[in-house]
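This report concerns only the one structure given below.
The values are calculated or read from the model by the stated rules, or taken from the named source; none is laboratory data. Quick caveat: nothing in here was measured; it's all calculated off a predicted structure. Cβ sites come from the backbone with ideal geometry, for glycine too, and all protein chains shown count toward neighbours. Keep in mind that these areas ignore ligands, DNA and RNA; they rest on the heavy atoms of the full protein, side chains included. Shrake-Rupley method; radii C 1.70, N 1.55, O 1.52, S 1.80 Å.
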Amino acid sequence: MAAPEQTILIIDFGSQVTQLIARRVRETGVYCEIVPFQSADEGFKRLNPKGVILSGSPASVHDDNAPLAPQAVFDAGIPVFGICYGQQVTAHQLGGQVEGGHHREFGRAEIIIHKDSPLFEDVWEQGKDYQVWMSHGDRVTKLPDGFEVIATSENAPLAVAVNEDRKYYTTQFHPEVVHTPDGGKILANFVHKICGLKGDWTMAAYKDRAIAKIREQVGDKRVICGLSGGVDSSVAAALIHEAVGDQLTCILVDHGLMRMNEAEDVVQMFRDNYNIPLVHVNAADMFIDALEGEADPETKRKTIGKLFIDVFEAEAKKLGGAEFLAQGTLYPDVIESVSFSGGPSVTIKSHHNVGGLPDRMNMQLVEPLRELFKDEVRALGRELGLPDSFIGRHPFPGPGLAIRCPGGITRDKLEILKKADAVYLDEIRKAGLYDEIWQAFAVLLPVQTVGVMGDGRTYEFVCALRAVTSVDGMTADFYPYDMAFLGKAATRIINEVQGINRVVYDVTSKPPGTIEWE
């Protein structure tokens, strides 16, 4: 799909938080794309951007074959914003000096603003200090001609350096992370005040553009979609159906690892409310038989992936085949597949999220969500009229209960977990917390403990509860339940789910740079 006319290019040098830069730019209503530095020349020519952002990196400009920006970026006469390594590579390529061996700076720091700049307009004031997030070893020690320092920190005397005439802006700190509280506003200043972009990239415009693209790609051919009931595949199906109508058929492979009543809910919504052709395949026995006793998580994934493709392919043949396969591929999947250290890959992005698409299936892919982040997919779903109760569903990665049940899989353990998970979610909804939490689920731990229930001893499983908050799924923190809620939820699970005699709460956080929370 062709990029909008007003676009920001982000060149990725391998930072674990490059995706957060894109999220902050998208939040301003401006479209952007990330390209790895290896293909930045092509991306620059293709997108014809109105501004460029250079990401951080674990590399040093002094490394052999150090990542560099295309010289065309600096020769194009457009604004450039270098972040951390982006500052260093800008200085290095434009005649400045970067040195290693200085005091490293990782974590929170205070910078002092010495001069006003459009970058700080209505955000930071001259003469005051502000919290930022640093993560660097090397630092710039000599600026290129035309640059001046406008902010410093204790360990970064060139914390912010700019060339206002050429509209080059560089920061040693990371404005994209939440630990720089005003960082999003600084990025907004760059795209709006410095690059002059309007911020008119909307989901309504994206929907119309995507529908036109789907019609152009598919023509009068048939499309099949592996529907999981998750937000991604559901929005993709609704969008494609709006574009080509009954040329689309959805296939829901129920592998027995979905949440309680989840398959039935999906079938009801798509058949009754949207009249989208849907084939529901109950393959639970096949999957659970194959997984019985399996403890290795990667073997579980691969087993589920292989069986899913086998079942999906068999059902597609019954329908007479199709020329196109629809997938709910999201932008983070695209970025990961062409990342700094990776190469192109094609995966079947359905509810299992594992395995490859066999050549024998001989279908072209339709991926209408591949430019969107998770929260943008939800916004598109609302634009398409999907109910908030469905759009707001917590993500539940492909292998489902198989990876929520560490250790060997058995039918009894899956049933225990399914019931505990249902009670947990019911309590969350009753407490009015569901929409405050990005993802919540129960995990049946592979340990049993001795307990006393009534007048007898028990030897049963431990259930762990997890809940995290997030905007985009790229960083997350545990949800701060009060003890009254945890006590009520744990009591219900222990009383109502035979096989569990203890409940614990997992307070793990998710650091930047990881995509999937499992």
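Going by the structure shown, is Asp435 outside any strand (DSSP E or B) and within 21 Å of the chain's Cα centre (by Cα)?
yes
Out of the residues in the range 133-170 that are among the charged types (D, E, K, R) and over 20 Å from Phe74 (Cα atoms), which is least open to solvent (accessible area, probe 1.4 Å)?
The extreme case among them is Asp138.
Does the range 403-418 hold any residues that are among the charged types (D, E, K, R), in contact (Cβ under 8 Å) with a residue 60 or more places away in the chain and surrounded by 19 or more Cβ atoms within 10 Å (Cβ to Cβ), and which are they?
Lys418
Checking Lys349 against (1) open to solvent by 20 Å² or more (accessible area, probe 1.4 Å); (2) modelled with pLDDT of 85 or more: exactly one of these is not met. Which one?
Only one criterion in (1) open to solvent by 20 Å² or more (accessible area, probe 1.4 Å); (2) modelled with pLDDT of 85 or more is unmet by Lys349, namely (2).
What residue, of Val73, Val35, Val30, Val80, is closer than 21 Å to Ala159 by Cα and among the aliphatic types (A, V, I, L, M)?
None of the others qualify; the one that does is Val80.
Go through the range 38-58 residue by residue and tally those that are surrounded by fewer than 20 Cβ atoms within 10 Å (Cβ to Cβ) and either in contact with a His (Cβ under 7 Å, 6 or more places away or on another chain) or assigned to a loop (DSSP other than H, G, I, E, B) (or both).
3
If you go through the range 62-73, how many residues are open to solvent by 10 Å² or more (accessible area, probe 1.4 Å), of a type in the set (A, V, I, L, M) and either over 27 Å from the mean Cα position of the chain (by Cα) or at pLDDT below 90 (or both)?
The qualifying residues number 2.
From the list Val223, Val235, Val253, which residue is in contact with a helix residue (DSSP H, G or I) (Cβ under 7 Å, 6 or more places away or on another chain) and farther than 30 Å from Arg404 by Cα?
Val223
Given the criterion open to solvent by 10 Å² or more (accessible area, probe 1.4 Å) and under 15 Å from Val504 (Cα atoms), identify the matching residue among Glu436, Glu460.
Checking each option against the conditions leaves just Glu460.
For the range 448-486, how many residues meet the condition of being among the small types (Gly, Ala, Ser), closer than 10 Å to Ile500 by Cα and modelled with pLDDT of 95 or more?
0
From the list Gly385, Gly400, Gly381, which one is open to solvent by 20 Å² or more (accessible area, probe 1.4 Å), closer than 28 Å to Arg23 by Cα and within 25 Å of the chain's Cα centre (by Cα)?
Being open to solvent by 20 Å² or more (accessible area, probe 1.4 Å), closer than 28 Å to Arg23 by Cα and within 25 Å of the chain's Cα centre (by Cα) holds for just one of Gly385, Gly400, Gly381, which is Gly385.
Of all residues in the range 11-32 being charged (D, E, K, R) and in contact with a Gly (Cβ under 7 Å, 6 or more places away or on another chain), which is nearest to Val162 (Cα to Cα)?
The qualifying residue nearest to Val162 (Cα to Cα) is Arg24.
Sort out which residues of the range 1-37 are part of a loop (DSSP other than H, G, I, E, B) and among the polar types (S, T, N, Q), and write them in order of number.
Gln6, Ser15, Gln16, Thr28
Given the condition at pLDDT 85 or above, closer than 28 Å to Ala283 by Cβ, surrounded by fewer than 16 Cβ atoms within 10 Å (Cβ to Cβ) and out of contact with any Pro (no Cβ under 9 Å at 6 or more places or on another chain), answer yes or no: does some residue in the range 356-366 qualify?
Yes, the range 356-366 contains at least one residue that is at pLDDT 85 or above, closer than 28 Å to Ala283 by Cβ, surrounded by fewer than 16 Cβ atoms within 10 Å (Cβ to Cβ) and out of contact with any Pro (no Cβ under 9 Å at 6 or more places or on another chain).
For the range 1-37: of the residues being modelled with pLDDT of 90 or more and polar (S, T, N, Q), which is least open to solvent (accessible area, probe 1.4 Å)?
Here the answer is Thr7.
Yes or no: the range 111-130 includes at least one residue that is among the charged types (D, E, K, R) and farther than 21 Å from Pro175 by Cα.
no
Taking into account only those residues within the range 74-116 that are in a loop (DSSP other than H, G, I, E, B) and in contact with a helix residue (DSSP H, G or I) (Cβ under 9 Å, 6 or more places away or on another chain), which is modelled with the lowest pLDDT?
Gly96
Can you tell me which residue in the range 395-427 is nearest to Lys300 (Cα to Cα), limited to those that are of a type outside the set (Gly, Ala, Ser) and assigned to a loop (DSSP other than H, G, I, E, B)?
By that ranking, first place goes to Pro399.
Among residues belonging to the range 201-220 that are in contact with a Leu (Cβ under 8 Å, 6 or more places away or on another chain) and not aromatic (Phe, Trp, Tyr), point out the one that is farthest from Glu5 (Cα to Cα).
Ile214
Considering only residues that are farther than 19 Å from Arg222 by Cα, buried (at least 16 other Cβ atoms within 10 Å of the Cβ) and either at pLDDT below 80 or among the polar types (S, T, N, Q) (or both), which ones fall in the range 297-328?
Thr303 - this is the single residue of the range 297-328 that is farther than 19 Å from Arg222 by Cα, buried (at least 16 other Cβ atoms within 10 Å of the Cβ) and either at pLDDT below 80 or among the polar types (S, T, N, Q) (or both).
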